[in-house]
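The values are calculated or read from the model by the stated rules, or taken from the named source; none is laboratory data. Owing to the predicted nature of the structure, the values given are computational and were not obtained by experimental measurement. Positions of Cβ are backbone-derived with ideal geometry, glycine not excepted, and every protein chain shown enters the neighbour counts. Remember, those area values only see protein heavy atoms, side chains included, never the ligands or the DNA or RNA. Shrake-Rupley method; radii C 1.70, N 1.55, O 1.52, S 1.80 Å.
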Amino acid sequence: RDRRRTNQNIACHTSDLPVHAAYVRALKAQGIAVLQSSKWLNGVSVFATKNQIEEIKKLAFVREVKPVMKLQRKSIELSEQTSAHELISTVEPYNYSLSLNQISMLSGQILHNENSRGQGIIIAQLDGGYEGVESLPAFDSLWASGRVLTTYDFTDNDTDIFHGGSHGMKVLSVMAALLPNSLIGSAPQATYVLLKSEVEATETTIEEDNWVAAAEFADSIGASIINSSLGYSVFQDGIGDYTVDDLDGRTATTSIAAVMAARKGILVVNSAGNEGGTTWQTIISPADADSILAVGGVSATGRHANFSSTGPTADGRIKPDLCAQGKGVYVSLPGGNVASGNGTSFAAPLISGMAACLWQRHPTSSMMQIRQAILESCDRYDSADNIYGHGIPDFFIADYFLSHPN
């Protein structure tokens with residue numbers, strides 16, 4: 001973290017200080033269970049009875065009390081089914097096989113061939129279950145080279161993330177897989193922090209709070225990139241549902257935290273959502289946040305995927321910010337096979353991984369410089385809309401922009 005912030009001249013701030021310990025002790029002294037604590041939001045989430053809540057409201061240091069939100073996760077992929085440029089390579093090229101299209105659409109193979117494969121860049125993944133990551137061959141090199149920096153489950157408060165579903169595993173395979181002649185990830189040599197903030201099988205009441213806690217952990221451990229293939233719109237129990245009018249980047253808990261992460265110099269890459277074929281239609285939080293990259297999905301030929309959420313934000317900003325392949329993306333399945341799946345959940349990690357490869361080549365660039373170069377490399381940069389955003393980025397061009405700032 002210190003290196004990332006020093007490179008970007010980001011000073012320490014009061015938001016880096018933990019919630020006052022005396023405040024937390026005062027709550028615990030009343031028998032209140034504190035679940036998560038956020039220094040960025042200067043608050044905690046708790047289990048409390050109605051009577052305890054009334055007592056909490058009377059405390060001098062409490063500004064606001066609101067119900068913890070029980071959310072419906074809206075960004076899991078809709079379905080799973082089996083189904084350039086030239087540059088002299090400086091290393092042994094990968095045989096991408098099934099994954100060639102999703103990588104070459106972004107000119108990712110060019111950076112890979114220059115031995116820019118994410119080395120030294122820390123990517124934090126916020127997701128659901130990671131079943132199979134500990135045993136599937138797609139991740140053998142990840143473990144053999146010690147590039148899983150740490151793991152943590154914010155739903156159970158332990159380090160065991162390898163349960164509760166396989167969505168996180170599939171998303172990770174899009175970035176980190178190294179299966180020559182089968183599946184090559186977008187950043188197959190990056191270092192990963194694997195964080196479970198979501199319960200896939202059942203909804204919890206604190207998924208957004210878990211997301212914030214995981215993002216703060218990512219900051220503390222020095223991650224440069226957060227990949228989040230999660231999103232939130234309405235509450236399963238109907239308490240405090242978000243509306244489209246709330247998508248202003250300043251209302252949803254995770255959106256506020258995503259902006260804070262960006263201020264700390266972290267590139268937040270979030271799936272736009274899979275609401276294109278629903279009555280909601282538009283993006284979901286935290287994709288509405290400013291200064292991040294919200295990623296929509298396209299087909300293998302670059303056409304808009306009908307499930308991919310569209311914009312704009314409530315305050316009129318263009319969303320998604322850009323697109324990558326989200327339809328027919330090849331991923332690792334729990335049994336070890338490689339097959340295609342659909343969802344902006346798989347478009348986001350393609351961008352996160354390639355951003356790591358780009359940042360590896362330009363380590364003194366700030367997050368905003370990396371983000372801007374990626375956006376300016378997009379094929380619709382001068383004609384952005386609320387379906388494709390700025391379009392599909394070309395990381396060869398983004399690299400050129402950063403190498404030739406004038």
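Some notes on this structure:
- Peptides ranked, highest mean first, by Cβ atoms within 10 Å: ranges 304-317, 267-280: 267-280, 304-317
- Trypsin sites (Lys or Arg not before Pro) restricted to the range 228-314 and DSSP loop, no more than 13 other C-beta within 10 Å: R303
- Only one residue of T14, S116, T243 has its Cα farthest out toward the positive end of the dipole of the chain, where Lys and Arg carry +1 and Asp and Glu -1 on Cβ, and that residue is T14.
- What the pair-distance distribution of the range 290-371 shows, using all Cα-Cα distances binned every 5 Å from zero, is 3, 15, 20, 19, 18, 14, 8, 3, 1 percent.
- Diffusion of the range 102-151 by Stokes-Einstein, at 37 °C in a medium of 0.692 mPa s and with Rh set to the Kirkwood radius over alpha-carbon pairs, works out to 252 µm²/s.
- Rg and Dmax, both from the Cα atoms of the range 166-220 and both in Å, are 13.8, 43.
- Restricting the range 159-254 to GluC sites (Glu not before Pro) in coil, as DSSP defines it, with at most 10 other Cβ within 10 Å: none
- The chain, helix-only ellipticity at 222 nm - DSSP H runs n ≥ 4, -39,500 (n - 2.57), divided by all residues, nearest 500: -8000 deg cm²/dmol
- Two-decimal log10 I(q)/I(0) for the range 269-405, as the Debye equation yields it once each C-alpha is a single scatterer, q = 0.09, 0.21 Å⁻¹: -0.25, -1.20
- Per residue, the accessible area of the range 144-185 comes to 34 Å² when a 1.4 Å probe rolls over the protein heavy atoms.
- For the range 242-305, radius of gyration divided by Kirkwood radius, i.e. Rg to Rh on alpha-carbons: 1.02
- Cα-centre dipole for the chain with unit charges at Cβ (Lys and Arg positive, Asp and Glu negative), debye to 20: 780
- Considering only Cα atoms, the convex hull volume of the range 170-266 works out to 118 Å³ per residue.
- Annotation: peptides 389-401, 287-299, 360-372, ranked by per-residue average of other Cβ atoms within 10 Å with the highest first, follow the order 287-299, 389-401, 360-372.
- Within the accessible area of the range 252-406, the carbon and sulfur atoms contribute 49%, probe 1.4 Å, all protein chains present.
- Extended-chain gain in nm, criterion 0.36 nm per residue less alpha-carbon gap, D245 and D158: 27.7 nm
- With all protein chains in place and a 1.4 Å probe, the accessible surface of the range 139-198 carries 49 percent carbon and sulfur.
- The range 99-128 and the range 305-362 have Cα centres spaced 12 Å apart.
- Looking at the range 276-406, the accessible area is 34 square angstrom per residue; that uses a 1.4 Å probe and ignores ligands, DNA and RNA.
- Cα-based radius of gyration of the chain once divided by 2.2 N^0.38 Å, which approximates compact folds: 0.94
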